Amino acid sequence: MAVHGNTLSEVIESDVDSALVEEVRTGLVKMPKRLSSRFFYDAEGSRIFQEIMHSPDYYLTRSEYEILETYKSELLHLFAAEQRPFDLVELGAGDGLKTKVLLGFFREKGAEFAYAPVDISADALEGLVSDVRQQWPDLQLKPQHDDYFNSLQQLSAESDARRIVLFLGSNIGNFAPDEAIDFYRQLNDKLQPGDIVLTGFDLQKNPALIHAAYNDRDDLTKAFNLNLLRRINRELDADFDLDAFDHYETYNPETGEARSYLVSQKTQTVRIQAIDMTVPFANGEIIHTEISRKFTRAQIEQLAEQTGFMVNGWFTDFKGYFADVVFVK
Ligand code: AVJ
């Protein structure tokens, strides 16, 4: 459990290896083969994702940064409306680049709040925590190294401060539609009336722009995707030949889903020593690794309605690419 005052090493203990084993065991015998994007974020993967966020093709981060910068004052007004301290719980905080805009502004305005970043990447969380400690030494910090679902347990456990849950960056896009509904229902369950969820949704737009964001000019997305195989090589003593796999990404404007694949460039057999597994690949066979879903306004409103929330704020960038949406329980 992540309690204020714990050292970071106490907070970050690793149980993800067994999850990776399970994923590889079950995912690579499926048809088609599958590995979840939640395993992208080892130290190297988190570093590559930071580069992606600075890519001229990956518009999402810039759009959301603009939204938070433009509407930070409106957001504080909404969060602090009940005149009581709040817990800012951030799911999938990553390097917190965008959130720091809010933290800085909220501090400046003397708001009373604690910051509870949650991330699946120990390395990203460690970087974020030491950054925030340095910038705002007396900000109360409750970091948690965990996945989204496990971190929900924590929500009902602690203080009676108002909860503001941040789920930024289009992280929600990684959920399949039914998983998203399930997740927001579970979230609703843990919250009190008046608590808030602020979600960053990437909106449906010209498919060419979305396609370009996941097929960037510097092949960062390719490196990000392939890094999953590098991780399996290292952690599970496997022999994936990274040059024998390619990155392929589709965007289907009918479903709003961008999908990432790794493609075997030849007939080959991969050995995963640590779990005594041998995996055959046909030439052209794929491993499906990620869904990045894009939303319409109607879908977002429906999600709120189906999961017990009211839409209480809708903020977009000036191009209308991205929306940060306030749900209130
Ligand atoms: C961090 C999940 C929001 O889906 O856009 C970036 C990850 N994948 N490029 C996304 C990602 C490929 C990103 N999220």
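The values are calculated or read from the model by the stated rules, or taken from the named source; none is laboratory data. Predicted model only: the values in this text are computed from it and were never measured. All Cβ positions, even for glycine, are placed from backbone atoms using ideal geometry, and neighbour counts span all protein chains on display.
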Scan region 158-177 and report the pairs whose first residue is within 30 Å of Glu290 (Cα to Cα) and whose second residue is among the polar types (S, T, N, Q), with Cβ atoms within less than 6 Å and a gap of 6+ or a chain change. Phe167/Thr199; Ile172/Thr199; Gly173/Ser292; Asn174/Ser37
With respect to Asp87, determine if the residue is more than 18 Å from the chain's Cα centre (by Cα) and crowded, with 16+ Cβ neighbours inside 10 Å. yes
Exactly one of Asp276, Asp241 is free of Cβ contacts under 8 Å to residues at least 12 places away in the same chain and away from the ligand (no atom under 16 Å from the Cβ), and that residue is Asp276
Among residues of region 1-23 being of a type in the set (A, V, I, L, M, F, W, C) and surrounded by fewer than 19 Cβ atoms within 10 Å (Cβ to Cβ), the residue modelled with the highest pLDDT is Val21
Can you confirm whether Tyr58 is buried (at least 16 other Cβ atoms within 10 Å of the Cβ), in contact with an Asp or Glu (Cβ under 8 Å, 6 or more places away or on another chain) and without any contact (Cβ under 8 Å) to a residue 60 or more places away in the chain? no
Check region 259-275 and report whether any residue there is touching a His at 6+ places or on another chain (Cβ under 9 Å) and under 14 Å from Gly173 (Cβ atoms). yes
Kindly check whether there is at least one residue in region 302-322 that is under 28 Å from Ala212 (Cα atoms), within 16 Å of the ligand (Cβ to nearest atom) and among the aliphatic types (A, V, I, L, M). no
Filter region 211-259 down to residues that are among the basic types (Lys, Arg) and out of contact with any strand residue (DSSP E or B) (no Cβ under 9 Å at 6 or more places or on another chain) and give me whichever is surrounded by the fewest Cβ atoms within 10 Å (Cβ to Cβ). Arg217
Options Leu262, Leu187; residue that is within 16 Å of the ligand (Cβ to nearest atom) and surrounded by 15 or more Cβ atoms within 10 Å (Cβ to Cβ): Leu262
Select from region 111-160 the residues that are among the charged types (D, E, K, R), surrounded by 19 or more Cβ atoms within 10 Å (Cβ to Cβ), in contact with a Gly (Cβ under 8 Å, 6 or more places away or on another chain) and outside any strand (DSSP E or B) and list them in ascending order. none
Can you spot a residue in region 223-235 that is of a type in the set (Gly, Ala, Ser) and away from the ligand (no atom under 16 Å from the Cβ)? no
Can you name every residue in region 76-99 that is in contact with a strand residue (DSSP E or B) (Cβ under 7 Å, 6 or more places away or on another chain) and either in a helix (DSSP H, G or I) or among the β-branched types (Val, Ile, Thr) (or both)? Leu78, Phe79, Val89, Thr99
Residues of region 190-214 classified as within 12 Å of the ligand (Cβ to nearest atom) and either charged (D, E, K, R) or under 16 Å from Tyr148 (Cα atoms) (or both), total: 3
With the structure loaded, tell me whether Thr26 is hydroxyl-bearing (Ser, Thr, Tyr) and modelled with pLDDT of 95 or more or whether it fails that test. yes
Any residue in region 25-49 that is within 11 Å of Phe224 (Cα to Cα) sitting within a Cβ distance under 8 Å of a residue that is of a type in the set (Val, Ile, Thr) and within 16 Å of the ligand (Cβ to nearest atom)? List the pairs, counting only those 6 or more apart or interchain. Ser37/Thr289; Ser37/Ile291; Phe40/Thr289; Tyr41/Ile120
The one condition in (1) closer than 22 Å to Thr26 by Cβ; (2) free of Cβ contacts under 8 Å to residues at least 24 places away in the same chain that Gly284 fails to fulfil: (1)
So, Gly173, is that one touching a Gly at 6+ places or on another chain (Cβ under 7 Å) and near the ligand (Cβ under 10 Å from one of its atoms) or not? no
